[in-house]
1. Starting from the amide H of T190, placed 1.01 Å from N in the peptide plane, find each other amide H under 5 Å away whose residue is 5 or more places distant or on another chain.
2. Which residue fluctuates most in the GNM of the chain (Cα springs below 10 Å): G271, G249, G158?
3. Could you work out the relative contact order of segment 283-332, using alpha carbon pairs under 8 angstrom and six or more residues apart, expressed as a whole percent?
4. From the P(r) of segment 23-164, could you give the percentage of C-alpha pairs in the tail past 23 Å?
5. Find the Cα radius of gyration of the chain, compare it with 2.2 N^0.38 Å by division, and give the number to two decimals.
6. Along the principal axes of its C-alpha atoms, what lengths does segment 91-185 span, in descending order and rounded to whole Å?
7. Could you give the C-alpha radius of gyration of segment 300-380 expressed as a fraction of 2.2 N^0.38 Å, taking N as the number of residues it contains?
8. Compute the whole-percent fraction of alpha carbon pairs in segment 132-181 spaced more than 16 Å apart.
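Quick note: the coordinates plus some simple rules give every number you see, no bench work behind them. What you see is a predicted model; the values in this text were computed from it and never measured. FYI the Cβ positions are ideal-geometry reconstructions off the backbone, even for glycines, and counts take in every protein chain you see.
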Amino acid sequence: MTIAPTSKYATLFIFVTVLLDMVGFGLVMPVQPALIQQVAHVDLGTASLIGGFMFFAFSAGQFLLGPTLGNLSDAYGRRRLLLLAVFGLGCDFLITAMAPNITWLFIGRTLAGVCGASYVIANAFIADVTPPEGRAKAFGMMGAAFGLGFVIGPAIGGLLGTFGPRVPFYVAAAISLLNFAFGYFILPETLPPEKRRAFEWKRANPFGTLKIFAQYRQVLPLCGILGLYFFATSVYPAIWPFWGTAKFGWSSTLIGVTLAAFGIIMAFTQGVLTGPLVKRFGEWNMAIVGLIAAPLGCIIFALAPCLTIVIMGFFIHAPEGFVHPMVTAIMSKEVPEDAQGELQGGLSSIMNISMMMGTVFYGVAFDYFVRPNPFIVSAGAGFLIAGALTVCTLLLALTLAKPSRALLMAEK
């Protein structure tokens with residue numbers, strides 16, 4: 001099989017694909033409280049519980065399929081699997097747009113998670129075409145795509161949601177299917193046959209992946225850092241729209257605007273600042289900076305008395321955007337080239353199992369703390385919990401970073 005040269009259009013397709021994954025993730029958020037209350041006929045606290053389980057369904061799809069897609073791409077190449085996932089995401093948006101009841105919304109969220117696992121293959125594609133020393137910047141660009149998707153998704157959901165909660169999904173379906181057509185004609189294959197390996201189910205098992213990771217120095221401890229980090233920060237997709245509604249009375253449009261502002265700042269941090277800062281300060285240092293910013297942001301959001309303070313919190317919280325791309329870049333250097341897809345699939349599983357548990361946890365916590373209880377009645381209590389957990393993540397990272405730096409200096 002001939003491997004076509006990678007063009008700027010192929011890289012653009014990858015960027016758009018990752019962006020659309022995040023669009024699908026964020027699309028439902030601004031309309032979710034009102035949509036669930038309307039369809040299920042429940043109050044806001046109960047709606048947050050249902051929302052947590054809907055996100056659980058989304059993450060379960062990614063958790064179960066992420067390692068499989070990553071390993072399949074290591075065995076059969078990136079192109080065909082990535083195109084299949086993009087096409088499936090477009091079809092899923094149509095299913096969600098026509099969902100008649102809450103059951104179909106759950107089905108739609110699950111399928112969105114399965115097809116949204118395409119970012120696993122997208123990251124492997126980037127690892128194929130980028131030298132190890134440039135991967136931190138490249139993964140930062142993918143993080144920027146996530147951030148932009150977090151702008152576009154909630155913005156579409158909030159603004160088009162004024163015409164009805166189904167309209168945004170029809171628009172997203174059209175964009176996804178157009179992207180599939182674009183990718184069909186311009187996306188090359190980047191993994192030559194001589195670099196592929198046979199597919200093995202035991203390696204594609206989301207739990208078995210951790211055993212494989214144990215073969216590589218530092219990878220398993222770094223998985224622990226990312227797992228705790230993702231659990232802690234799942235507070236944002238779990239309760240943000242419910243918190244904004246309960247504490248400030250935000251409309252779906254304003255929820256979308258705040259999420260869009262959040263995404264713009266994160267996209268700038270990851271897409272513009274990652275490259276020069278990691279070149280000057282190194283991956284570990286920037287990851288630590290991000291983990292210092294994370295609990296500060298949580299505290300600000302928990303205690304913010306008004307929208308102005310919330311917006312200020314976005315800027316203080318922004319360096320958290322360094323954490324995921326920095327740790328991913330460090331891990332990508334620890335595994336061979338024929339296992340990059342497996343690595344990305346395993347990271348997908350860790351992220352999604354952590355967020356599966358986290359979103360349900362924070363949904364339950366929100367419901368508990370907005371009702372009378374012996375401790376504290378506060379819509380922002382979940383952010384205080386998240387702040388404490390990110391401090392634990394920071395301490396774990398500091399423990400691991402010191403010997404890692406010493407080993408790196410010894411190798412030099």
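1. It is R78, R79, by chain and number.
2. Maximum among the listed residues: G249.
3. On the way: 51 pairs, mean separation 27.9, N = 50.
Normalised by residue count, the contact order of segment 283-332 is 56 percent.
4. Details: 3983 of 10011 pairs.
Tail fraction, whole percent: 40.
5. Working: Rg = 20.3 Å, N = 412, 2.2 N^0.38 = 21.7 Å.
In units of the globular-protein estimate, the chain measures up at 0.93.
6. Extents along the principal axes, in whole Å: 49, 26, 23.
7. Numbers: Rg = 18.2 Å, N = 81, 2.2 N^0.38 = 11.7 Å.
Taking the Cα Rg and dividing by 2.2 N^0.38 Å, one obtains 1.56.
8. On the way: 675 of 1225 pairs.
Percentage above 16 Å: 55.
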